[in-house]
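Trainee: Got a structure for you, questions after.
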Amino acid sequence: MSSNISIYEQGLDQTAANFVALSPVSFVERSAEVFGDLPAVVHGARRQTWAQTRERSARLAAALRALGVARGSTVSVMLPNTPEMVEAHYAVPALNAVLNTLNTRLDAALLAWQMNHCEAQVLITDREFAPTIAEALRLLRSEHGRSPIVIDVCDSEYAGPGDRLGTHEYEALLAAHAPLARLDGPADEWDAIAVSYTSGTTGDPKGVVTHHRGAYLNAVSNAATWTMPHFPTYLWTLPMFHCNGWCFPWTIAMLGGTHVCLRRVDAPSILGAMREHRVDHYCAAPIVHNLLIAAPDELRAGITQKVRGMVAGAAPPAAMIEGMAKLGFDITHVYGLTEVYGPAAVAVKRASWAGESLSEQTRLNGRQGVRYALQEGMTVLDPETMVETPADGQTMGEIMFRGNIVMKGYLKNPQASAAAFAGGWFHTGDLAVMEPDRYVKIKDRSKDIIISGGENISSIEVEDALYRHPAVMACAVVARPDPKWGETPVAYVELKPGAEVSAAELVTHCKSLLAGYKAPKEVRFEAIPKTSTGKIQKFQLRERARSTQAIE
């Protein structure tokens, strides 16, 4: 009787010598070992090497363990882009605990809800946020009966107001604990590493749970995608609370690079840091890139090194891509969601594109592109039939992902997880086409398609036209109810400082670039609601448009 066991399954077992679960924590140990004397963190006057950063992270891990943090515990952090935020990304996963990075712009009620939902055991918070956090803790106690241990961070680069709220101060806590001997990942790489709440651009935040394997692979993919060298100097313009900084805290550790921290994100601070520290890499949403384009020439003086930027968070308007090219910044467009660890697709630049006109290069680079090298699948499917759409650049479907760089699921929400994973793919909700070269191009989110007189209007296409006007800093287009056409486009616009343009002029400008029926029927000059990462919150604008129509 023959055995069904292959010869390659006999005497070739998995052992401690030939298998270690993947975890990005391993990058920190390596950089401390081989690049220990090199700079790891710059923050104002503060400087830390990789050996020092590893030691501080190991002290934090020891302190958290002493406070009862263990496998499956949640540690929430309310921190700006400071060294303590970097250290939290290294220390918390080393305990096999789960890191919950709180959005520093949320109100107290939502912060309390999130900390209760993820059952936060410890909260590390910066003094700057004391008023909001104090109210959040009060609500957490009174409404949910939960009182996490609070650790206060007193950042030496912050001189503003803010009370201490807890019984522990960060630096004193580190000083009181000897560092752990090693920062190790978990035995099971499927273990949760973080829970991140969706930004609320749809008005429906969910707790996205990610795992060590995915974080490791996405950190590696970032470096491969961007062809990053060893020892990059990376500027933290992207909030680390957003998708764990797109996994770049771990990417920079892998490469022995330098984290240049930034508490405030504005053009003078960004360009000043680039000049002073010779920054060569950064990530940001289109709104931040637009700030750099609009900045006075004198702010950009002295930046002579090659600067590479990664843009995501919203479809980059053509005017932004062209503007950054004229500044000499090399921009790479990536695409993703919280559910895929941040970016998981990239508009890979082909050598042949260099010979194209600037406008054609802009079109090519503005696409969402192809899957990350370590993501198993990305395609455009008909969500009803789950059949792939033809690569004709015309047939719309939904972008879907499959592979290791996809979340575990939504915390305490199995129904939402099942819906998101229906048919064996993660459903993004983004409508797109597959072009003949197999690059994906988003047309819109399903809820942002405007149906006017039976014709589909892409809000992205109208926004792209508006961004081509030199006076426009930010814009968003949504549907407004219309008794005749069903829906018509209404544009919300923010102008660049000192710029002037009328609504009629913007409509005329759009009609010069679009079919007449696609031009906005109304332009409103109002502040546009955004998340802290620069994503425009269209659900609020849709409510505004509907409310105004109801009043009229």
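The values are calculated or read from the model by the stated rules, or taken from the named source; none is laboratory data. In this text the structure is predicted, and so the values were computed from the model without any measurement. Neighbour counts are summed over all protein chains in view; Cβ atoms, including those assigned to glycine, are modelled from backbone coordinates with ideal geometry.
Residue by residue, here is whether (1) of a type in the set (Lys, Arg); (2) closer than 25 Å to residue 49 by Cα; (3) touching a Gly at 6+ places or on another chain (Cβ under 8 Å) holds:
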residue: 235; (1), (2), (3): no, yes, no
residue: 238; (1), (2), (3): no, yes, yes
residue: 292; (1), (2), (3): no, no, no
residue: 303; (1), (2), (3): no, yes, no
residue: 316; (1), (2), (3): no, no, yes
residue: 322; (1), (2), (3): no, no, no
residue: 328; (1), (2), (3): no, no, no
residue: 331; (1), (2), (3): no, no, yes
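Trainee: Might you let me know whether segment 182-193 holds any residue that is in contact (Cβ under 8 Å) with a residue 24 or more places away in the chain, basic (Lys, Arg) and either touching a Leu at 6+ places or on another chain (Cβ under 9 Å) or assigned to a helix (DSSP H, G or I) (or both)?
Mentor: No, that holds for no residue.
Trainee: Look through segment 337-383, keep the residues that are modelled with pLDDT under 95 and of a type in the set (Asp, Glu), and return whichever of them is farthest from residue 321 (Cα to Cα).
Mentor: Here the answer is 356.
Trainee: Here's another thing I want to ask about it. Among (1) assigned to a strand (DSSP E or B); (2) under 21 Å from residue 350 (Cβ atoms), there is one condition residue 392 misses while meeting the rest; what is its number?
Mentor: Every listed condition holds for residue 392 apart from (1).
Trainee: Here is a further query. Do we find a residue being more than 26 Å from the chain's Cα centre (by Cα) and hydroxyl-bearing (Ser, Thr, Tyr) anywhere in segment 160-177?
Mentor: The answer is yes, given that some residue of segment 160-177 is more than 26 Å from the chain's Cα centre (by Cα) and hydroxyl-bearing (Ser, Thr, Tyr).
Trainee: Here's a follow-up. Tell me whether segment 201-211 contains one or more residues that are under 26 Å from residue 270 (Cβ atoms), assigned to a loop (DSSP other than H, G, I, E, B), in the same structural domain as residue 97 (by TED's automatic domain parsing) and of a type outside the set (Gly, Ala, Ser).
Mentor: yes
Trainee: Which one of these is of a type in the set (D, E, K, R), in the same structural domain as residue 339 (by TED's automatic domain parsing), surrounded by fewer than 22 Cβ atoms within 10 Å (Cβ to Cβ) and under 27 Å from residue 156 (Cα atoms): 276, 298?
Mentor: The unique qualifying residue is 276.
Trainee: A further question follows. Is it the case, given these coordinates, that residue 273 is touching a helix residue (DSSP H, G or I) at 6+ places or on another chain (Cβ under 8 Å) and assigned to a helix (DSSP H, G or I)?
Mentor: In short, no.
Trainee: Something else now. List every residue pair whose Cβ atoms lie under 8 Å apart, where the two residues are 6 or more positions apart in sequence or sit on different chains, the first residue falls within segment 517-545 and is among the small types (Gly, Ala, Ser), and the second residue, located anywhere, is part of a strand (DSSP E or B).
Mentor: These pairs meet every condition: 519/489; 527/494; 534/284; 545/478; 545/479; 545/480; 545/481; 545/490.
Trainee: Further question: Counting only residues that are touching a Phe, Trp or Tyr at 6+ places or on another chain (Cβ under 6 Å) and either part of a strand (DSSP E or B) or not small (Gly, Ala, Ser) (or both), how many does segment 39-58 have?
Mentor: 2
Trainee: Could you list all residues from segment 473-487 that are farther than 21 Å from residue 443 by Cβ and part of a strand (DSSP E or B)?
Mentor: Of everything in segment 473-487, those that are farther than 21 Å from residue 443 by Cβ and part of a strand (DSSP E or B) turn out to be 473, 481, 482.
Trainee: Continuing with this model, one more query. Regarding residue 392, is this residue over 28 Å from residue 195 (Cβ atoms), out of contact with any Gly (no Cβ under 7 Å at 6 or more places or on another chain), surrounded by fewer than 20 Cβ atoms within 10 Å (Cβ to Cβ) and modelled with pLDDT of 95 or more?
Mentor: When the stated conditions are applied, residue 392 passes them.
Trainee: Condition first: in contact (Cβ under 8 Å) with a residue 12 or more places away in the chain and aromatic (Phe, Trp, Tyr). Now tell me which residues in segment 12-70 satisfy that.
Mentor: Passing the criteria: 27, 35, 50.
Trainee: Residue 140: modelled with pLDDT of 95 or more, at negative phi and not in a helix (DSSP H, G or I), yes or no?
Mentor: So residue 140 does not fit the description; no.
Trainee: Does segment 516-528 hold any residues that are in a loop (DSSP other than H, G, I, E, B) and either loosely packed, with under 15 Cβ neighbours inside 10 Å or touching a Phe, Trp or Tyr at 6+ places or on another chain (Cβ under 9 Å) (or both), and which are they?
Mentor: 521, 526, 527, 528
Trainee: Return the residue satisfying two criteria in turn: it lies in segment 317-358 and is of a type in the set (Ser, Thr, Tyr) and in contact with a helix residue (DSSP H, G or I) (Cβ under 8 Å, 6 or more places away or on another chain), and of such residues it is surrounded by the fewest Cβ atoms within 10 Å (Cβ to Cβ).
Mentor: Once the filter is applied, the top-ranked residue is 338.
Trainee: Hey, can you tell me all the residues within segment 1-38 that are closer than 30 Å to residue 261 by Cα, part of a loop (DSSP other than H, G, I, E, B) and of a type outside the set (A, V, I, L, M, F, W, C)?
Mentor: 23, 24, 36, 37, listed by residue number.
Trainee: A further question on this structure: Look through 261, 283 and report the one residue that is touching a His at 6+ places or on another chain (Cβ under 6 Å) and surrounded by 15 or more Cβ atoms within 10 Å (Cβ to Cβ).
Mentor: 261
Trainee: With respect to residue 331, determine if the residue is assigned to a strand (DSSP E or B) and closer than 26 Å to residue 224 by Cα.
Mentor: Answer is yes for this residue.
Trainee: Would segment 330-337 turn up any residue that is closer than 30 Å to residue 301 by Cα, free of Cβ contacts under 8 Å to residues at least 12 places away in the same chain and of a type in the set (Ser, Thr, Tyr)?
Mentor: There is no residue in segment 330-337 that is closer than 30 Å to residue 301 by Cα, free of Cβ contacts under 8 Å to residues at least 12 places away in the same chain and of a type in the set (Ser, Thr, Tyr).
Trainee: How do the strands (runs of 3 or more DSSP E) wholly within segment 403-457 filter down when requiring 2 or more residues that are among the β-branched types (Val, Ile, Thr) and within 16 Å of residue 344 (Cβ to Cβ): which remain?
Mentor: Hits in segment 403-457: 440-445.
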